[in-house]
Amino acid sequence: MSSTSGDLRARQRSLGYVMFASRWLQVPLYLGLIVAQGVYVWQFMVELWHLVTGDFSASGMNVEQSVMLSVLGLIDVVMISNLLIMVIVGGYETFVSRINLDGHPDEPEWLSHVNANVLKVKLATAIIGISSIHLLQTFIRARDMSTDTMLWQTLIHLVFIVSAIGLALIDRMLNSSAGDRAHD
């Protein structure tokens, strides 16, 4: 009977190791996001080139509005790129393997205390920032936008805000209850 129970434990342990090792299947996903980051760098350079060369002829707006929209476009690309970095580095660190930077001077401050909940809240706030840029672009183009489009974009932005507040409150409650258990 003990050899059967030992075989069962060995199989369970092997299955557990396979399950644990399956986290490495996420690595190609993170590598794909790095490629997407490269696409955003290219997009940024193209947008920057249009801004520097003053290529605003097709926009139908005055130069000031066109420059403002171009700069907002650059900010949007940077914010999306920051979001990608948070997902790539934070997700890899949280779900795949530790990134042992050993006190590297360029280590992001947030990486030392990243977990799934912190990552969700950071991502939600980054999405709100990106949505804010898009909403500002919409308001600048208000004369060319339908009222329904502006209303829906505003409502969607508000949903992002409410969702982020909800995630932050849940994170706070989880941290509070974890702190209470630590003191017991």
field: Net length gained if the chain between residue 34 and residue 159 were fully extended (0.36 nm per residue, minus Cα distance)
entry: 42.1 nm
- request: Quote the convex hull volume per residue of the chain, based on C-alpha atoms, as a whole number of Å³.
  value: 201
query: ³J(HN,Hα) across segment 128-143 via Karplus (A = 6.51, B = -1.76, C = 1.60, θ = phi - 60°), whole Hz, x for Gly/Pro?
result: 5, x, 5, 4, 4, 4, 5, 5, 4, 4, 4, 5, 5, 8, 3, 5
statement: Label model pair residue 94, residue 113: point-to-point distance (7 angstrom along the Cα→beta-carbon line) in nm is 1.5
message: Testing the spin-label approximation: label points 7 Å from Cα along Cα→Cβ at residue 24 and residue 168. State their distance in nm.
response: 4.0
query: How large is ³J(HN,Hα), in whole Hz, for each residue of segment 165-171 in order, when computed from phi with the Karplus curve 6.51 cos²θ - 1.76 cosθ + 1.60 and θ = phi - 60°, using x for Gly and Pro?
result: 4, x, 4, 5, 5, 4, 4
- prompt: So what's the back-of-envelope 222 nm ellipticity for the chain, counting only DSSP H runs of four-plus at -39500 (n - 2.57) apiece and dividing by all residues, rounded to 500?
  reply: -25500 deg cm²/dmol
- line: Taking a crude spin-label model, label points 7 Å out from Cα along the C-beta direction, the residue 104 to residue 9 distance in nm is 4.1
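Just so you know, all these numbers are worked out from the coordinates, no wet-lab data involved. For clarity, every value in this text was computed on a predicted model and none was experimentally measured. Positions of Cβ are backbone-derived with ideal geometry, glycine not excepted, and every protein chain shown enters the neighbour counts.
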